[in-house]
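K.L.:
Okay, handing you the structure first.
Throughout, read-outs are computed from the coordinates displayed, never taken from laboratory work. Remember, it's a predicted structure, so these values are computed and weren't measured experimentally. As a convention, Cβ positions derive from the backbone with ideal geometry for all residues, glycine included, and neighbour counts pool all protein chains shown.
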Amino acid sequence: MSSSPAGIPDDVSMHLVECWDDAADFRRWLGERRPVLAVDTETSGMEWWDGDLRLVQFGDAMSGWAIPFEPWKGLIRESLKDYEGPLVFHNAKFDLHWLETNGAFPRRHRVNDTAVMAHLVSPDQRVGLKECSARWLDARAATGQSELKKAMSKAQWTWGTIPIDFEGYWVYAALDVVLTARLYEHLVPQVRADFGRVYDLEMACSHILMDMETRGVRVDLSYCQEQYEKLHAYSVEARAWCKNTYGFEAGSNRNVAAQLMGDGVVLTKRTDRGAWSMTEEVLSGIEHPLAQTVLSIRKSEKLANSYFANFIEMADGDLLHPSVRPLGARTGRMSVTNPALQTLPRGRLVRDAFIAREGHLMVGADYEQVEMRLAAHFSEDEGLIEAFKSEGDFFTVMGRSIFDDPTFEKSDPRRSLVKNGMYAKVYGSGTARFAETVGIPEHEAQTFMLKLDQSFPGLRTFADSVGRTAAMRGVREGTEYIRTPTGRRLVAPEGRSYALVNAAIQGTAADIFKQAIVKLDAAGLGEYLVMPVHDELILSVPEELVPEVEAGLVEVMERDDFLVPLAVDSHHGVRWGSLK
DNA sequence: GTCGCTTGCCAC
DNA sequence: AAACGTGGCAAGCGAC
């Protein structure tokens with residue numbers, strides 16, 4: 001069956017495999033020579049471990065083939081196994097999950113990813129197939145999708161139930177591979193020329209993370225249940241008290257503010273849109289039973305719902321399959337969702353929900369103050385570099401030199417000023433914000449920042465040089481950007497070029513972290529990975545191998561090729577929470 | 001009922 | 001001259 005309905009370029013042919021003749025035609029087509037074979041899947045949803053693979057599409061710049069998986073799984077498996085040429089997916093990790101869990105194994109070392117390419121070229125833009133096609137191929141690329149959405153809602157179809165032979169479904173599915181193939185041909189010259197090294201890093205890392213997602217994270221469901229019930233019981237009781245006493249929901253900030261003011265509380269801070277601000281910071285300063293109750297309700301509901309209930313809800317048996325986006329942030333950092341395991345509260349309560357596999361222990365290995373060390377590296381500042389090379393606590397050594405006081409010890413109250421001041425530098429904050437976070441008057445903050453700059457002049461030099469480079473490129477190329485040592489491109493957010501100082505540090509830390517993941521996989525430790533957390537790796541390791549693996553991790557992760565050593569600390573325990 | 005926005009809060 | 005960076009998630013709430 002061939003077709004070319006509205007919105008599809010005339011020179012493109014679309015095919016749906018429905019009979020053996022179609023299958024034979026597909027195999028003949030597959031045997032032709034082409035620069036790249038694009039592959040995509042349509043599925044019943046997002047949960048690849050518990051859902052149906054419905055359609056697999058193959059295509060190149062001129063043809064798209066949609067093949068229903070269930071009746072043609074043999075054809076699809078054989079075709080993917082046999083195909084030796086370059087492959088391209090748009091967001092390969094997602095499709096590979098579906099294909100592999102359904103017994104179809106494309107050659108991974110041949111896999112390319114246009115979403116990765118797009119992110120490297122334009123790290124500040126959305127990298128959906130539609131957006132990329134509209135940006136680089138044809139502004140009308142997304143037109144078919146809205147028609148399909150309308151038809152689906154009219155007939156009450158979901159992605160799991162829409163008939164596979166409904167033309168608006170399979171034709172646009174087949175168009176997606178054509179777009180992917182064209183995107184690849186458009187982007188690959190630039191990616192090869194400008195981003196070869198970081199692209200290879202991203203692809204290697206992506207496969208390791210995919211296998212990590214497949215293995216999943218083991219969760220202690222009865223612990224979650226127990227904690228949830230305790231917290232939930234409290235919040236039900238506290239909400240009822242609030243309703244009975246004041247007549248409104250504790251979650252309604254508008255009503256809470258009105259009640260507090262009615263009871264004589266003076267509010268001064270407002271939100272961006274002009275409402276009375278009811279943040280933790282504001283409420284904790286108010287001595288009123290309502291303020292305190294609202295705070296504890298928020299706290300316990302956050303714990304109960306965002307964490308424990310969420311874990312129970314998402315579990316596949318006793319496993320969670322969090323989804324990692326290797327290029328989640330514009331800086332090259334990863335992000336994690338379902339659940340967001342990178343934002344678990346510190347301390348034992350929530351982290352203890354995650355346990356090692358049977359016969360295993362949890363192992364954690366983290367880069368110590370990696371961003372501070374990179375700040376020292378990029379600044380080339382003798383004093384900062386010395387502070388990291390000398391024995392003892394970095395911020396204490398810095399404190400001695402800033403205040404010219406050899407008696408400055410780790411317990412010195414000024415240490416937090418030093419630490420916060422350095423973070424303010426690294427994040428690019430101004431003196432006003434810095435003064436607020438450390439709780440000192442602005443003129444004191446100013447004096448301190450001046451002292452910091454004088455003690456470590458490299459910090460300014462570094463910031464200036466980032467600014468100059470970005471500004472120069474802004475003029476010459478129209479975009480303010482810098483590159484990390486691996487070639488990753490970092491683009492300044494609109495009107496905030498100062499953020500590039502932080503981006504350089506954060507982006508380089510991301511590169512280092514990803515290189516560590518690739519190296520540890522090469523060293524045979526990849527199979528133990530559980531979760532990456534920005535500068536810390538969480539693993540589940542067979543008990544008897546723990547000492548060996550910890551030594552291996554330190555060996556693989558630590559680096560000496562920067563101006564300061566990058567040090568790694570490791571721990572082990574039964575639960576995530578027991579890693580110090 | 002769903003959707004998107006706002007507000008608030010968790011991490012590194 | 002001055003500018004705290006990067007994310008995800010849930011509840012409330014108004015619009016459709």
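K.L.:
Going out from 0 in 10 Å bins, what whole percent of all Cα-Cα distances in chain A drops into each bin?
P.N.:
Bins of 10 Å from zero give 3, 14, 20, 23, 22, 12, 5, 1, 0 percent of pairs.
K.L.:
Loop only by DSSP, 11 or fewer other Cβ within 10 Å of the Cβ. Give me the GluC sites (Glu not before Pro) in region A:70-145 that pass, ordered by residue number. Before the final figure, lay out the partial values.
P.N.:
Details: sites: A:GLU78, A:GLU84, A:GLU100, A:GLU131; in loops: A:GLU84.
Those satisfying the criteria are A:GLU84.
K.L.:
Right, something else. With the contact rule set at Cα under 8 Å and sequence spacing of 6 or more, what percent relative contact order holds for region A:40-165? Spell out each step's value before the answer.
P.N.:
Values: 142 pairs, mean separation 28.2, N = 126.
With pairs under 8 Å counted, the relative contact order is 22 percent.
K.L.:
So, one more: DSSP loop (so not H, G, I, E, B), at most 11 other Cβ within 10 Å: list which trypsin sites (Lys or Arg not before Pro) in region A:370-474 pass both filters. Don't skip to the end; give the middle numbers.
P.N.:
Values: sites: A:ARG373, A:LYS389, A:ARG400, A:LYS410, A:ARG414, A:ARG415, A:LYS419, A:LYS425, A:ARG433, A:LYS451, A:ARG460, A:ARG468, A:ARG473; in loops: A:LYS410, A:ARG414.
Counting only loop positions with at most 11 other Cβ atoms within 10 Å, the trypsin sites (Lys or Arg not before Pro) in region A:370-474 are A:LYS410.
K.L.:
Could you work out the percent of alpha carbon pairs in region A:457-580 separated by over 17 Å, rounded to a whole number?
P.N.:
On the way: 4881 of 7626 pairs.
Roughly 64 percent, once rounded to a whole number.
K.L.:
Per-residue HN-Hα couplings for region A:439-451, Karplus 6.51 cos²θ - 1.76 cosθ + 1.60 at θ = phi - 60°, whole Hz, x for Gly and Pro?
P.N.:
Those phi angles translate into x, 10, x, 4, 5, 5, 4, 5, 4, 5, 4, 5, 4 Hz.
K.L.:
Still on this structure, I have one more. Pull up the cross-link candidates among the lysines for A:LYS150, meaning alpha carbon to alpha carbon under 20 Å and not fewer than 8 places away within one chain.
P.N.:
Here the lysines satisfying the reach criterion relative to A:LYS150 are A:LYS130.
K.L.:
Please report, to one decimal in angstroms, the Kirkwood hydrodynamic radius of region A:1-117 built from all distinct Cα-Cα pairs. Kindly include the intermediate steps, with their values, before the conclusion.
P.N.:
Working: mean 1/r = 0.0686 Å⁻¹.
After inverting the pairwise mean of 1/r, the radius is 14.6 Å.
K.L.:
Consider all pairwise Cα distances in region A:11-50 and report the whole-number % of them above 17 Å. Intermediate values should be presented prior to the final figure.
P.N.:
Details: 396 of 780 pairs.
Everything past 17 Å amounts to 51 percent.
K.L.:
Give me, ordered by chain and number, the residues 5 or more places off A:LEU55 or on other chains with an amide H under 5 Å from its own placed amide H.
P.N.:
Result for A:LEU55 returns A:GLU42, A:PHE69.
K.L.:
Still on this model: Once you have the Cα-Cα distance between A:ALA432 and A:MET314, take 0.36 nm times their residue separation minus that, and quote the gain in nm to one decimal. Could you put the intermediate results ahead of the total?
P.N.:
On the way: separation 118, 0.36 × 118 = 42.48 nm, distance 4.22 nm.
The A:ALA432-A:MET314 span can extend by a further 38.3 nm.
K.L.:
Considering every Cα-Cα pair within region A:397-538, what fraction, in whole percent, is farther apart than 27 Å?
P.N.:
40 percent
K.L.:
If one puts a single equal scatterer on every Cα of region A:539-580 and applies the Debye formula without solvent, what log₁₀ I(q)/I(0) results at q = 0.17, 0.19, 0.26 Å⁻¹?
P.N.:
Debye intensities relative to I(0), on a log10 scale: -0.53, -0.63, -0.92.
K.L.:
What is the Cα radius of gyration of region A:319-468 over 2.2 N^0.38 Å, N being its residue count? All intermediate terms of the calculation are to be shown ahead of the outcome.
P.N.:
Details: Rg = 19.0 Å, N = 150, 2.2 N^0.38 = 14.8 Å.
Working it through for region A:319-468, the quotient is 1.29.
K.L.:
Which whole-Hz ³J(HN,Hα) couplings does region A:541-558 yield from phi under the Karplus relation 6.51 cos²θ - 1.76 cosθ + 1.60, θ = phi - 60°, glycine and proline marked x?
P.N.:
Couplings: 10, x, 3, 6, 9, 3, x, 4, 5, 4, 5, x, 4, 4, 4, 6, 7, 5 Hz.
K.L.:
Pull up the cross-link candidates among the lysines for A:LYS514, meaning alpha carbon to alpha carbon under 17 Å and not fewer than 8 places away within one chain.
P.N.:
Reachable lysines: A:LYS93.
K.L.:
Moving on. Relative contact order, percent, of chain A when contacts are C-alpha pairs under 8 Å separated by at least 6 residues?
P.N.:
Details: 886 pairs, mean separation 83.2, N = 580.
That works out to 14 percent.
K.L.:
Only Lys, Arg, Asp and Glu count, each charged at its Cβ (+1, +1, -1, -1), so figure out the dipole size of chain A about its Cα centre, rounded to 20 debye.
P.N.:
Numbers: 64 positive and 84 negative charges, 296 e Å.
Its charge dipole is roughly 1420 debye.
K.L.:
Next question. Take the alpha-carbon centre of region A:472-547, take the same for region A:63-106, and report the distance between them in whole Å.
P.N.:
30 Å
K.L.:
Note down the relative contact order for region A:80-139 as a percent, whole number, built from C-alpha pairs under 8 angstrom at least six residues apart.
P.N.:
Values: 53 pairs, mean separation 20.3, N = 60.
Once divided by the residue count of region A:80-139, the mean separation gives 34 percent.
K.L.:
Residue farthest toward the positive end of the dipole of region A:387-505, with Cβ of Lys/Arg at +1 and Asp/Glu at -1: which of A:SER416, A:ILE505, A:GLY430?
P.N.:
Going by the charge dipole, the pick is A:ILE505.
K.L.:
Using only the alpha-carbon atoms, how far is helix A:415-427 inclined from the longest principal axis of chain A? Give it as 0 to 90 degrees, nearest 10.
P.N.:
That helix lies at roughly 30 degrees to the long axis.
K.L.:
Can you give the Rg to Rh ratio of region A:301-398, both from alpha-carbon atoms, with Rh computed by the Kirkwood formula?
P.N.:
Working: Rg = 18.6 Å, Rh = 16.8 Å.
We get a ratio of 1.11 for region A:301-398.
K.L.:
How big is the dipole moment of region A:264-303 about its Cα centre under a simple scheme where the beta carbon of each Lys and Arg is +1, that of each Asp and Glu is -1, and everything else is neutral? Debye, nearest 20, please. Walk me through the intermediate numbers first.
P.N.:
Details: 6 positive and 5 negative charges, 24 e Å.
For region A:264-303, the charge dipole is close to 120 debye.
K.L.:
Moving to a separate point now. Filter the GluC sites (Glu not before Pro) in region A:465-503 down to the DSSP loop ones having no more than 12 other Cβ atoms within 10 Å, then list what survives. Kindly include the intermediate steps, with their values, before the conclusion.
P.N.:
Working: sites: A:GLU477, A:GLU480, A:GLU494; in loops: A:GLU480, A:GLU494.
Answer by residue number: A:GLU494.
K.L.:
Now for a different question. For chain A, what does the helix formula give at 222 nm: sum of -39500 (n - 2.57) over DSSP H segments with n ≥ 4, over the residue count, nearest 500 deg cm²/dmol? Present the calculation step by step, with values, prior to reporting the outcome.
P.N.:
On the way: 23 runs with 289 residues, N = 580.
Using -39500 (n - 2.57) per qualifying helix, the result is -15500 deg cm²/dmol.
K.L.:
Enter the angle in degrees (range 0 to 90, nearest 10) between the Cα long axis of helix A:143-155 and the first principal axis of the Cα atoms of chain A, meaning the one along which they spread out most.
P.N.:
90 degrees
K.L.:
Please compute the modelled spin-label separation between A:GLU444 and A:MET472, points set 7 Å along Cα→Cβ, answer in nm with one decimal.
P.N.:
Those two pseudo-labels are separated by 4.2 nm.
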